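> Below you will find the structure I want to go over with you.
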Amino acid sequence: MFYSKEKIKMGIPVNTPLFGGNEEKYILECIRTGWISSEGPYVKEFEKEFAGYVDRKEGIAVANGSAALDIAVAALKIGYGDEVIMPAFTIISPALSVVRAGAVPVLVDSDPITWNMDVTQIESKITAKTKAILVVHIYGLPVDMDPVLTLCKKKNLFLIEDAAELIGQTYKGKKCGSFGDISIFSFYPNKHITTGEGGMCVTNDTALAERCRKLRNLAFEPDKPRFVHYELGWNYRMTNLQAALGLAQLEKINDHITRKREIGRAYQVALRNVGGYQLPLARTEYAENIYWVFGLVADTQERCENTIKKLNTAGIGTRPFFWCMHEQPVFQNMGLFKNEHYPVAQKLARNGFYVPSGLGLTLEEIDLVCKTFIA
Ligand SMILES: *Cc1c(COP(=O)(O)O)cnc(C)c1O
């Protein structure tokens, strides 16, 4: 329904999900057996399979990726007075989790080529209050993890890894999501696999995993009287219906990744000579771009706005890049990030946007997007 309505409104929506496997079969089974809540067997199976896929021992399925971040921050007992170093250029979710916990996000600027946080700027931001580094892999290439891992070890800091956008991507051959004390994923429909809404925390630490499970379930205490609570929890449980969808999608993950890279390469070829834009970097020495989205950064804000208008008028969906954390009215109104400037992040936020790249996108549609772009 959502899909066809979008299709009518937009000739080519910015995202079209793909259901090419056992999705219907598994969901039908949930309905036939009556297992629809978080109690159903698919939740544990999806957790086990997904955690295994990203080389982790434990998976804790939750309601969405933002919920997974809330749980990661709370499970590591990050709270009042603590500082968490994170990128200025990101979706707001990680900053929300940190601020809601009473901690302070400390921002670093972006790398102009990979669009990820510039890891060389982290060390100078570390203070006695720093409790964690929160990395966010952005758009298609992973954060340069080795310097971050070294810093975490040297300064005894937790690492939270937001790998929502890079399901299946690797850094030096190791899976994204395998690095954090807790790493998190989202299964929103534009991610590489979807559960409609959904997310997961993964970790190798069994005790930490138990804490995540408790926090996801209203902080019910496993070994104490029921309905007696000692901590602030949430109902962030994932349903069996969502997990059924997720499991079917996970069976297709290799196809999805191949498809994403095909889409990315098709855009790279078609748009390589377009002037006035920076295209995504195809590879670094540690990873090949997975093209979660195909982003473009114009040399001027005006060029960016004009192209978005041109594409949208032709019925082609676009999304602007993220808006910087230090420029979010909600945080400014709280007195955060006063007089802070992150020039690279600010330019990305103003001059960047992305074009349709959903798994259901056809080559003909890519062709039309590029022709319209160049015209
Ligand atoms: C999508 C996304 C999230 C949030 O996930 P939701 O499931 O939409 O809450 C968090 N972090 C990053 C980097 C994302 O891209």
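> Apply the Karplus curve 6.51 cos²θ - 1.76 cosθ + 1.60, θ = phi - 60°, to the phi angles in the stretch 238-243 and return the couplings in whole Hz, x for Gly and Pro.
Result, ordered by residue: 8, 8, 4, 4, 5, 5 Hz.
> While we're here: List the equivalent ellipsoid semi-axes of the stretch 104-218 in whole Å, largest first, each obtained as the square root of 5λ for an eigenvalue λ of the Cα gyration tensor.
Whole-Å semi-axes of the equivalent ellipsoid: 23, 19, 13.
> Could you work out which residue, out of 59, 335, 199, moves most in a Gaussian network model of the chain, that is, has the largest mean-square fluctuation with Cα springs under 10 Å?
The residue that fluctuates most here is 335.
> What dipole magnitude, in Debye to the nearest 20, does the stretch 117-271 give about its Cα centre under +1 on Lys/Arg Cβ and -1 on Asp/Glu Cβ?
Numbers: 22 positive and 17 negative charges, 21 e Å.
Dipole about the Cα centre, nearest 20: 100 debye.
> Which three lengths, in whole Å and largest first, does the stretch 314-375 cover when its Cα atoms are put on their principal axes?
48, 22, 18
> Let me ask something else about it. Kirkwood Rh over Cα pairs of the stretch 31-78 into Stokes-Einstein at 25 °C, 0.890 mPa s: D in µm²/s?
On the way: Rh = 12.2 Å.
This corresponds to a translational diffusion coefficient of 201 µm²/s.
> Next question, about the same structure. Per residue, how much accessible area does the chain show when a 1.4 Å probe rolls over the protein heavy atoms, in square angstrom? Display every interim value, and only then the final one.
Working: 16740 Å² over 375 residues.
Here the residues of the chain average 45 Å² of exposed surface.
> Return the tail of the calculated pair distribution for the stretch 105-160, meaning the percent of Cα-Cα pairs more than 14 Å apart. Each step should come with its number before you reach the end.
On the way: 757 of 1540 pairs.
It works out to 49 percent of all Cα pairs.
> Determine the percent antiparallel among the DSSP beta bridges restricted to the chain, to the nearest 5. It would help to have the intermediate numbers written out before the result.
On the way: 25 of 43 bridges.
Roughly 60 percent of the beta bridges in the chain run antiparallel, per DSSP.
> Pairs of alpha-carbon atoms within less than 8 angstrom and 6+ residues apart define the contacts here; what relative contact order does the chain have, in percent? Can you show the working numbers first?
Values: 774 pairs, mean separation 88.0, N = 375.
The normalised contact order for the chain reaches 23 percent.
> Rounded, prolate or oblate, given the Cα gyration tensor of the stretch 230-375, with a/c below 1.5 counting as rounded? Walk me through the numbers on the way to the answer.
Details: a/c = 1.91, a/b = 1.08, b/c = 1.78.
The shape class here is oblate.
> Could I ask something else about it? For the stretch 117-174 and the stretch 55-110, what is the separation of their Cα centres, given in Å?
If you average the Cα positions of each part, the centres end up 12 Å apart.
> Also, I was wondering about something else. Restricting to Cα pairs below 8 Å that are 6+ residues apart, what does the relative contact order work out to for the stretch 277-375? Please round to a whole percent. Please report the intermediate quantities before stating the final value.
Numbers: 105 pairs, mean separation 34.6, N = 99.
Worked out over the stretch 277-375, it gives 35 percent.
> Here's a follow-up. Let's test the formula: R0 of 30 Å, r as the Cβ-Cβ distance of residue 28 and residue 261. What FRET efficiency results, to the nearest 0.05? Display every interim value, and only then the final one.
Numbers: r = 32 Å, r/R0 = 1.06.
E(calc), rounded to 0.05, equals 0.40.
> While we're here: Convex hull over the alpha-carbon atoms of the chain: what's its volume per residue in Å³? All intermediate terms of the calculation are to be shown ahead of the outcome.
Numbers: hull volume 54.0 nm³, N = 375.
Normalising the Cα hull of the chain by residue number yields 144 Å³.
> Let me ask something else. Quick one: dipole size for the chain, taken about the Cα centre, charges +1 on Lys/Arg Cβ and -1 on Asp/Glu Cβ, in debye to the nearest 20.
Working: 43 positive and 42 negative charges, 47 e Å.
So the dipole magnitude of the chain works out to roughly 220 debye.
> Label point 7 Å out from residue 338 along Cα-to-Cβ: which residues of the stretch 95-111 have amide N under 18 Å?
Taking a point 7 Å out along Cα→Cβ of residue 338, the residues of the stretch 95-111 whose backbone N falls under 18 Å are 104-107.
> Could you derive backbone 3J(HN,Hα) for the stretch 38-54 from the dihedral phi with the Karplus parameters 6.51, -1.76 and 1.60 (θ = phi - 60°), listing whole Hz in sequence and x where the residue is Gly or Pro?
Residue by residue, the stretch 38-54 yields 5, 6, x, x, 5, 4, 5, 5, 5, 4, 5, 5, 5, 4, x, 4, 9 Hz.
> From the Cα gyration tensor of the stretch 197-242, with a ≥ b ≥ c the square roots of its eigenvalues, which class applies: rounded if a/c is under 1.5, or else prolate if a/b is larger than b/c, or else oblate? Write out the running numbers ahead of the final one.
Details: a/c = 2.29, a/b = 1.31, b/c = 1.75.
Since a/c reaches 1.5 but b/c is at least a/b, the shape of the stretch 197-242 is classed as oblate.
> Additional query: Can you tell me the length gained on complete extension of the stretch residue 37 to residue 80, counting 0.36 nm per residue apart and subtracting the Cα distance? Before the final figure, lay out the partial values.
Details: separation 43, 0.36 × 43 = 15.48 nm, distance 3.44 nm.
Here the answer is 12.0 nm.
> Do me a favour and compute the ellipsoid semi-axes for the stretch 158-309 from its Cα gyration tensor, root of five times each eigenvalue, largest one first, whole Å.
Working: eigenvalues 287, 57, 51 Å².
Equivalent ellipsoid of the stretch 158-309: 38, 17, 16 Å, largest first.
> Rounded to the nearest 5, what % of DSSP beta bridges with both residues in the stretch 1-134 are antiparallel?
Working: 1 of 9 bridges.
Roughly 10 percent of the beta bridges in the stretch 1-134 run antiparallel, per DSSP.
> For the stretch 157-245, just say rounded, prolate or oblate: build the C-alpha gyration tensor, square-root its eigenvalues into a ≥ b ≥ c, call rounded for a/c under 1.5, and beyond that prolate if a/b exceeds b/c, oblate if not.
Working: a/c = 2.90, a/b = 1.47, b/c = 1.98.
It comes out oblate by the Cα gyration axes.
> Between residue 19 and residue 44, take the C-beta separation as r, use R0 = 25 Å, and let me know the FRET efficiency to the nearest 0.05.
Here the calculated transfer efficiency is 0.65.
> A follow-up question, please. Quick one: with all protein chains in place, what share of the accessible area of the stretch 136-213 is carbon or sulfur, to the nearest percent (1.4 Å probe)? Kindly include the intermediate steps, with their values, before the conclusion.
On the way: 1190 of 2380 Å².
Reported share for carbon and sulfur atoms: 50 percent.
> Sequence gap at least 6, Cα distance under 8 Å: using those rules, report the relative contact order of the stretch 195-350 to the nearest whole percent. Let's see the in-between values first.
Working: 111 pairs, mean separation 19.5, N = 156.
Relative CO of the stretch 195-350 lands at 12 percent.
> I would also like to ask the following. When each pair of different Cα atoms in the stretch 43-146 is counted once in the 1/r mean, what is the Kirkwood radius in angstroms, to one decimal?
Values: mean 1/r = 0.0676 Å⁻¹.
With all distinct Cα pairs of the stretch 43-146 included, I get 14.8 Å.
The values are calculated or read from the model by the stated rules, or taken from the named source; none is laboratory data. Since the structure is predicted, the reported quantities are computational estimates derived from the model, not experimental observations. Quick reminder, even Gly has a Cβ in these numbers, built from the backbone with ideal geometry, and neighbours come from all protein chains shown. For accessibility, only protein heavy atoms count, side chains too; no ligands or nucleic acids. Shrake-Rupley method; radii C 1.70, N 1.55, O 1.52, S 1.80 Å.
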